[in-house]
Amino acid sequence: MNKTLLIIAAFCMSLFINAQDILPRRGLAIAAPNKETVDRFVKFINKELPPRQINTLILRVDYNFQYQSHPKLRKENSLSQDEVNKIVAACQKHGIEIIPQINLLGHQSWHSELEMLLKVYPEFDETPNIELPEKYEWPNKDGLYCKSYCPLHPEVHKVVFELVDEIMAAFQANAFHAGMDEVFYIGHEDCLRCNGKDKAELFAGELTKIRNHLAETNKKLWIWGDRLLDGKTTGLGMWEASMNNTYGAIDMIPKDITICDWHYEKAEPTAAFFALKGFDVVTSSWQKGAVAKAQLAFLENLKKNANAETAGHIKGMVHTSWSSVSSFLDRFYAPFDQNKLDDAVCFRMLFGE
């Protein structure tokens with residue numbers, strides 16, 4: 001090998017080491033594919049993720065799996081174990097950790113349709129007296145965004161933990177993502193068990209219960225971090241942070257929960273807040289390439305200048321997509337336009353080959 005090639009090789013290796021140092025977690029959070037898209041998704045994993053050094057794949061499975069423990073909770077045409085095995089094999093081949101997700105507590109409905117848990121078990125509903133409208137609009141008189149299950153219902157955890165255990169086994173996973181974002185209904189006056197309870201304590205209690213269940217088998221918990229931020233003090237408002245007082249839970253929960261700190265409009269500095277509180281944190285981007293680049297620059301600066309303890313909690317970035325896999329892949333392979341507001345474009349800008 002001549003001198004020029006040696007210099008190029010050394011430069012490329014330095015870039016690789018630097019990327020791994022800044023972003024030990026390089027991830028994509030996306031919906032699990034439908035049956036028809038599994039093979040295309042596996043091809044994408046094999047071809048596109050290794051060159052970008054992606055090592056974490058958060059898959060929103062929810063009820064898109066043929067559960068054996070609770071068959072009634074399966075969505076129509078859900079994934080079989082054989083189809084899941086294809087995804088698992090591709091990820092294992094390239095050293096990519098799969099973290100399956102089922103939305104717990106919140107996101108138990110969407111617009112005018114209940115999610116499967118409350119369809120099958122309506123008794124778990126935190127707000128049974130609030131009906132879903134035929135035509136959903138926001139804002140509305142009920143403050144309805146998504147329904148929640150009641151965290152104090154005596155039977156809810158037996159059901160959801162059986163789903164969690166089954167999906168963890170199906171994906172051979174060591175960590176589970178519980179969602180827990182945008183929880184507006186908690187401690188609601190409609191709920192005989194939760195009404196009047198401290199909302200931070202309710203949220204912390206649910207998180208701790210999920211974490212402790214996973215810890216019984218040495219598994220780890222991941223969540224979105226918005227409910228742990230004070231929306232008023234930070235100026236972040238009700239979406240990217242909490243305006244219903246759940247944020248006090250941050251001082252009541254175990255420190256081994258990994259926080260996905262999502263901000264899509266600006267590179268907010270809240271990753272530093274979570275790290276200073278002692279939590280491992282990854283920053284999450286979405287549609288805006290410039291914001292993703294600014295988030296990356298902030299993390300790089302934080303890791304460079306913070307003390308070793310704080311810097312050690314900064315784990316990297318997990319890009320998010322909120323469309324179907326087929327839609328994401330269509331846009332990923334479309335002609336590249338860095339000025340386009342698009343999650344697939346942003347992913348390509350953030351994690352270039």
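The values are calculated or read from the model by the stated rules, or taken from the named source; none is laboratory data. Because the structure is a prediction, the values reported are computed rather than measured. We place every Cβ from the backbone using ideal geometry, glycine too, and count neighbours over all the protein chains shown.
Would you check which residues across segment 139-159 are in contact with a Leu (Cβ under 8 Å, 6 or more places away or on another chain), surrounded by fewer than 19 Cβ atoms within 10 Å (Cβ to Cβ) and not in a helix (DSSP H, G or I) and list them?
Residues of segment 139-159 that are in contact with a Leu (Cβ under 8 Å, 6 or more places away or on another chain), as a first pass: 144, 147-149, 151-152, 159.
From what is left, the residues that are surrounded by fewer than 19 Cβ atoms within 10 Å (Cβ to Cβ) are 152, 159.
Matches in segment 139-159: LEU152 only.
ALA173 passes every criterion in (1) farther than 30 Å from GLN92 by Cα; (2) touching a strand residue (DSSP E or B) at 6+ places or on another chain (Cβ under 9 Å); (3) part of a loop (DSSP other than H, G, I, E, B) apart from (1). From the set of residues in segment 284-318 that are touching a Lys or Arg at 6+ places or on another chain (Cβ under 8 Å) and closer than 15 Å to LEU28 by Cα, which is surrounded by the fewest Cβ atoms within 10 Å (Cβ to Cβ)? Ranking the qualifying residues of segment 284-318, first place goes to GLY316. Whenever a residue of segment 249-275 is closer than 19 Å to GLU309 by Cα, it has no partner that is part of a loop (DSSP other than H, G, I, E, B) and of a type in the set (Val, Ile, Thr) lying with C-beta atoms less than 8 angstrom away and at least six residues away or across chains. Quick check on segment 331-342: of everything there that is surrounded by 13 or more Cβ atoms within 10 Å (Cβ to Cβ) and more than 19 Å from PRO51 (Cβ to Cβ), which residue is modelled with the lowest pLDDT? For segment 331-342, the residue satisfying everything is LYS340.
Regarding SER78, is this residue surrounded by fewer than 16 Cβ atoms within 10 Å (Cβ to Cβ), out of contact with any Gly (no Cβ under 9 Å at 6 or more places or on another chain) and not basic (Lys, Arg)? So SER78 fails the test. In segment 29-57, the residues that are of a type in the set (Phe, Trp, Tyr) reach residues that are buried (at least 17 other Cβ atoms within 10 Å of the Cβ) with C-beta atoms within less than 8 angstrom, at least six apart or across chains, in these pairs: PHE41/PRO33; PHE41/ILE87; PHE41/VAL325; PHE41/LEU329; PHE44/LEU329; PHE44/PHE332.
Looking only at segment 211-258, residues that are of a type in the set (Gly, Ala, Ser), buried (at least 21 other Cβ atoms within 10 Å of the Cβ) and in contact with a strand residue (DSSP E or B) (Cβ under 8 Å, 6 or more places away or on another chain) come to 3 in all. Scanning segment 306-353 for residues being hydroxyl-bearing (Ser, Thr, Tyr) and in contact with a strand residue (DSSP E or B) (Cβ under 8 Å, 6 or more places away or on another chain) gives a total of 4.
Within segment 314-321, the presence of a residue that is over 16 Å from the mean Cα position of the chain (by Cα), in a helix (DSSP H, G or I) and not aromatic (Phe, Trp, Tyr) is excluded.
May I ask you to verify whether THR283 is of a type outside the set (A, V, I, L, M, F, W, C), touching a residue at least 12 places away in the same chain (Cβ under 8 Å), touching a Leu at 6+ places or on another chain (Cβ under 8 Å) and within 14 Å of LEU23 (Cβ to Cβ)? When the stated conditions are applied, THR283 passes them.
Across segment 93-116, the number of residues qualifying as outside any loop (DSSP other than H, G, I, E, B), of a type in the set (S, T, N, Q) and in contact (Cβ under 8 Å) with a residue 40 or more places away in the chain comes to 2.
Working only within segment 117-129, note down all residues that are surrounded by fewer than 18 Cβ atoms within 10 Å (Cβ to Cβ) and either part of a loop (DSSP other than H, G, I, E, B) or in contact with a Lys or Arg (Cβ under 6 Å, 6 or more places away or on another chain) (or both).
Our first condition is that a residue be surrounded by fewer than 18 Cβ atoms within 10 Å (Cβ to Cβ); within segment 117-129, this holds for 119-120, 122-123, 128-129.
Within segment 117-129, VAL120, PRO128, ASN129 qualify.
Restricting ASP21, ASP62, ASP39 to those that are at pLDDT below 95 and not aliphatic (A, V, I, L, M) reduces the list to ASP21.
Let me confirm something: among LEU73, LEU105, LEU163, which residue is buried (at least 20 other Cβ atoms within 10 Å of the Cβ), at positive phi, modelled with pLDDT of 95 or more and not aromatic (Phe, Trp, Tyr)?
Values: LEU73 fails: at positive phi; LEU163 fails: at positive phi.
LEU105 is the lone residue from the list that is buried (at least 20 other Cβ atoms within 10 Å of the Cβ), at positive phi, modelled with pLDDT of 95 or more and not aromatic (Phe, Trp, Tyr).
With respect to (1) touching a His at 6+ places or on another chain (Cβ under 6 Å); (2) farther than 24 Å from GLU309 by Cβ; (3) hydrophobic (A, V, I, L, M, F, W, C), the lone exception for TRP222 is condition (2).
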